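Undergrad: This is the structure I want to talk about, given as structure tokens.
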Amino acid sequence: MDQNELIRRIMATFLEELDEHVATLNRDLLALEKDPPPEERVELLHSLFRAAHSMKGASRAVDVGLIEQACHALEDLLVQVRDGKRQLQENHFTVLFRLADAIEEAGMRLREEQSLDDSPIAALLPEIQALDNSDEFPSPAAEATETEQAVDDADRVVADKAPTQLVTPPQSAGSAESSVPAVGPAAADGRKGKQKAPRKRQTSAGPVAPTSVRIDAEKLDGLLAQAGELLVARQRIELGVEELESLRDTVAAWRRDWRSVETSIRQLHDGEEAASGSSLSKAAFAELHQSSDRIRELERDLDRLVGRARSDAQYLGQVGSAIEDDVHGARMLPFANACQGLERAIRDAATKTGKHVRLALLGGDVQVDRSVLEGLKDPLLHLVRNAVDHGIETPAERASSGKSEEATITIEAALRGGSVNVSVRDNGGGLNLQRIAEKAAANGIAVPQDPQDLARIIFLPAFSTAAKVSDLSGRGVGLDVVRSQIEHLHGTVDLSFQAGCWTCFTLTVPLTLTTIRAVMVKTSGQTFAIPTVSIERVVRFDETDHASVGGRSVLRDGEAPIALTSLAATLGLRQKWALLPDQKMFAAVMMSGSHRAAFAVDEVASEVELTVKSLGPRVRRLKHVSGATLMPSGEIALVLNVANLMRTAAGSGQQFSVAEAKTAADELPDKRRLLVVDDSLTSRMLLRSILDAAGYTVSVAVDGQQALEMVGSTPFDLVVSDVDMPRLDGFGFTEEVRKVSDHSHLPIVLITARSSEEDRIRGLKAGANAYLVKSGFDQARLLQIISDLL
């Protein structure tokens, strides 16, 4: 291996290890500062010592003398504290926290190959060494210090636990050992301090099998991207299988038609032969038979091809799903990882403001995708710093209101389907609505009457209620950044509060960013994807459901009207239509936090799982778009940013167009009563919306058992049912319905994720009239099948 490449790898491993040790310093110093019980205090000192000792050895290996010297002084101080020769005071903790920050900043400089001459650690090193000013302390110049011996006796820590053990440099011919090369003059400029020869250690008697392996995050990202491409390929193959099945059905119908034509020709021939005595030649009859045989052979070949294709698609689906699950699992990390450093940030902010605040973390073991966790770190940091500075009162104010002088910031993560809800709650004084209103009026912002809407003003850019600018607040970027970053994660942020008691920010983000469930809609001839998590429901409306309130269009929806606008108009596309009398249209009711709005679209196609792609560096940012996806058909669909979409619609003030003249609209189906059976709320919502939009009266059931009871008490014209459900599945439901003579002819359509030929045959044998696979679900085909069955 080239020496420069070896040095680069060693330094990269050192910097990765450095981040872990800095996190340990912050965590254990915070715990030690709280004056824990003696047993816990000893363990914390050992943990801090191990971190300092490992950093010292690793720094020596890569020739970063400043970090080595600082860690050596830290070791000496910790030994004296452990042996009872010194007590850590408040000023010691202040310096030690500054040291952790300085080491972290040094690591950032080393990544950029910058000198450490003017770095904070260079300036702080004399102060760290000044803590070790007692004659009782061991000399830093001693090679085999009491510190190192103490570690050897207590923990048998290998002093040279450095990247040199991970990468073995090439040895010269005839040598038994090889030395680790220094980083080099260019990279080591300003970093070198006192040089020490690495101490030799005895290795273990035999190799130890590793329980884990480090993998570069970019490699996981690349693997996940390829898994996403595999998902698209699977969908394309499944679409091809559907097309093959359609072709097979067409050939089967063709053969049936040909058979009737052949029979007619024979009858015509027999009649003419009897009347005139003439007949077709033997060659003509032979050709007729051959055509019939060729069609029959084509049908058999298509049957075999469809069977193989369906089997291959099923196998690919199983393997692809396993790969995707494994890749996603490898990227999933505990939510607590996103909260690293928050306790330290709260401690620093509380110290500066003279407050007493502690952090409580709930749901830290909830597994979230790495990219989502990275995106949550800055918003969480902004929120906790904002809570300390704005939300939590001083100890005197809390005592006067009957509260404990120590406030609590609680961060909790909880799974909600395919999303995770993160709440940041403090038990401070709540929001000061009067100050918010005064600041809004001073900045020329309209002051809402509703308290909740007034509170949301704090999310606006450049808005702050701080009396003066400090390093904690007052610049008006914190909560605006929180909102924009959460929306970049395809999530939403909202807040709730009680004056004088608490404030809670709720962040809702998907578990992963690469694949999402989305509802596909069409408007102005283009297809768009709307994340399912942002859709409350899909409705069908006409002019009787539309009204104008205060110059704005609204959709009547029970007691609360919903703002209504056109998706095409909001996106700036050419609008092809207006709402005509006696005409029904689709509308997707979307949610962002507690806000709702309805967007009229031309068509709601289906709900699918998508692989989201970035638009690339050339398209930096589109206001209403958060990514794109490739459909199985080869069409590109844009993934919409619902939060931005709703803000644009709210500020546009556009009036939905209602035409006065009647047109010859298509006749809607009769009001037939249909039953939708599915244990998935999302699937029930989508199917009900599609069937409502088609003019049917729709009821729903959550499983086969409930559906069986409803069929026994209510007359239905048709049932659309899932297969995999609790209590009674779709196969069992169909069989039970067919046992009742009154319902023996009730049309049943099974829609399921089971795509094997065996399952399809089982469903039809159970008595289903049609069997549709969700992966190839098509709204138009479903409606056509229902129309044919009715």
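The values are calculated or read from the model by the stated rules, or taken from the named source; none is laboratory data. Note that the structure is a prediction, hence the values are computed from the model and not measured. Positions of Cβ are backbone-derived with ideal geometry, glycine not excepted, and every protein chain shown enters the neighbour counts. Keep in mind that these areas ignore ligands, DNA and RNA; they rest on the heavy atoms of the full protein, side chains included. Shrake-Rupley method; radii C 1.70, N 1.55, O 1.52, S 1.80 Å.
Undergrad: How big is the dipole moment of segment 305-395 about its Cα centre under a simple scheme where the beta carbon of each Lys and Arg is +1, that of each Asp and Glu is -1, and everything else is neutral? Debye, nearest 20, please. Write down the numbers at each step before the final one.
TA: Numbers: 11 positive and 12 negative charges, 44 e Å.
In debye, rounded to 20, segment 305-395 gives about 220.
Undergrad: Let's test the formula: R0 of 45 Å, r as the Cβ-Cβ distance of Asp453 and Val702. What FRET efficiency results, to the nearest 0.05? Don't jump to the answer; show the numbers that get you there.
TA: Details: r = 36 Å, r/R0 = 0.80.
The calculated FRET efficiency here is 0.80.
Undergrad: So how far apart, in nm, are the two label points at Gln87 and Glu127 if each is 7 Å from Cα heading toward Cβ?
TA: 2.3
Undergrad: Ok, one more. Thr351 accessible area, nearest 10 Å², 1.4 Å probe?
TA: 80
Undergrad: Given a cut-off of under 8 Å on Cα pairs at least six residues apart, what relative contact order in percent is computed for segment 664-790? Spell out each step's value before the answer.
TA: On the way: 197 pairs, mean separation 27.0, N = 127.
Normalised by residue count, the contact order of segment 664-790 is 21 percent.
Undergrad: Ok, one more. So with the 1.4 Å probe, I'd like the accessible area per residue for segment 483-547, rounded to whole Å².
TA: On the way: 2140 Å² over 65 residues.
It amounts to 33 Å² per residue over segment 483-547.
Undergrad: For Cα pairs less than 8 Å apart in space and 6+ apart in sequence, what is the mean separation divided by the residue count of segment 1-127, i.e. the relative contact order in percent?
TA: Values: 96 pairs, mean separation 34.9, N = 127.
Computed value for segment 1-127: 27 percent relative contact order.
Undergrad: Please sort by residue number the trypsin sites (Lys or Arg not before Pro) in segment 665-767 whose DSSP state is loop and whose Cβ has at most 14 other Cβ atoms within 10 Å. Walk me through the numbers on the way to the answer.
TA: Values: sites: Lys671, Arg672, Arg673, Arg684, Arg688, Arg727, Arg738, Lys739, Arg754, Arg760, Arg762, Lys765; in loops: Lys671, Arg672, Arg727, Arg754.
Counting only loop positions with at most 14 other Cβ atoms within 10 Å, the trypsin sites (Lys or Arg not before Pro) in segment 665-767 are Lys671, Arg727.
Undergrad: Pop a pseudo-label 7 angstrom from the Cα along the beta-carbon direction at both Leu220 and Glu299 and give the gap in nm to one decimal.
TA: The modelled label-to-label distance comes out at 5.5 nm.
Undergrad: Sticking with this structure for a sec: In nm, to one decimal, how far is the Arg673 label point from the Ser260 one, both placed 7 Å along Cα→Cβ?
TA: 3.5
Undergrad: Using a 1.4 angstrom probe with every protein chain in place, what is the largest-first accessible-area order of Thr544, Thr13?
TA: Values: Thr544 95, Thr13 30 Å².
Per-residue accessible area, sorted high to low, gives Thr544, Thr13.
Undergrad: Could you pull the accessible area for Ile10 with a 1.4 Å probe, rounded to 10 Å²?
TA: We get 10 Å² for Ile10.
Undergrad: Hey, another quick one. Could you sort Ser699, Ser246 by accessible area so the largest value comes first, with the probe set to 1.4 Å? Working shown, then result.
TA: Working: Ser699 25, Ser246 65 Å².
Largest to smallest exposure gives the sequence Ser246, Ser699.
Undergrad: Further question: Given the C-alpha centroids of segment 76-135 and segment 673-738, what is the distance between them in whole angstrom?
TA: 68
Undergrad: Please report, to one decimal in angstroms, the Kirkwood hydrodynamic radius of segment 1-45 built from all distinct Cα-Cα pairs.
TA: Details: mean 1/r = 0.0793 Å⁻¹.
This gives a value of 12.6 Å.
Undergrad: Among the listed pairs Lys584/Lys623; Lys355/Lys377; Lys584/Lys671; Lys219/Lys377; Lys355/Lys403; Lys34/Lys355, give every one whose C-alpha distance is greater than 20 Å. Present the calculation step by step, with values, prior to reporting the outcome.
TA: Numbers: Lys584/Lys623 30 Å; Lys355/Lys377 23 Å; Lys584/Lys671 14 Å; Lys219/Lys377 22 Å; Lys355/Lys403 13 Å; Lys34/Lys355 15 Å.
Long pairs (Cα-Cα over 20 Å): Lys584/Lys623; Lys355/Lys377; Lys219/Lys377.
Undergrad: What's the ranking of 522-534, 333-345, 115-127 by average number of surrounding C-beta atoms within 10 Å, highest first? Present the calculation step by step, with values, prior to reporting the outcome.
TA: Working: 522-534: 20.4, 333-345: 18.5, 115-127: 16.2.
Top to bottom by mean Cβ count within 10 Å: 522-534, 333-345, 115-127.
Undergrad: For segment 1-112, what is the Kirkwood estimate of the hydrodynamic radius, computed as the reciprocal of the mean inverse distance between distinct Cα atoms, to one decimal in Å?
TA: Numbers: mean 1/r = 0.0682 Å⁻¹.
Final number for the Kirkwood radius of segment 1-112 is 14.7 Å.
Undergrad: Going by average Cβ neighbours within 10 Å, how do the peptides 400-406, 16-22, 370-376, 388-394 rank, with the highest at the top?
TA: On the way: 400-406: 11.9, 16-22: 17.9, 370-376: 20.0, 388-394: 21.7.
Result, highest mean Cβ count within 10 Å first: 388-394, 370-376, 16-22, 400-406.
Undergrad: Next up: List residues of segment 355-379, by number, whose backbone nitrogen lies under 11 Å from a label position 7 Å along Cα→C-beta of Asp19.
TA: Answer for this model: 374.
Undergrad: Can you compute the FRET efficiency between Glu603 and Ile761 using 1/(1 + (r/R0)^6), with r the Cβ-Cβ distance and R0 = 22 Å? Round to the nearest 0.05. Before the final figure, lay out each step's value.
TA: On the way: r = 33 Å, r/R0 = 1.49.
Efficiency, rounded to the nearest 0.05: 0.10.
Undergrad: Multiplying the sequence separation of Arg358 and Thr94 by 0.36 nm and subtracting their Cα-Cα distance, what value in nm do you get?
TA: On the way: separation 264, 0.36 × 264 = 95.04 nm, distance 1.75 nm.
Between Arg358 and Thr94, full extension yields an extra 93.3 nm.
Undergrad: Would you please put 36-47, 600-611 in order of how densely packed they are, using the mean number of other Cβ atoms within 10 angstrom per residue and starting with the highest?
TA: Numbers: 36-47: 13.6, 600-611: 20.5.
Packing order, densest peptide first, comes out as 600-611, 36-47.
Undergrad: Report, in debye and to the nearest 20, how large the dipole of segment 345-393 comes out about its Cα centre when Lys and Arg carry +1 and Asp and Glu carry -1 on their Cβ. It would help to have the intermediate numbers written out before the result.
TA: On the way: 7 positive and 7 negative charges, 44 e Å.
About 200 debye.
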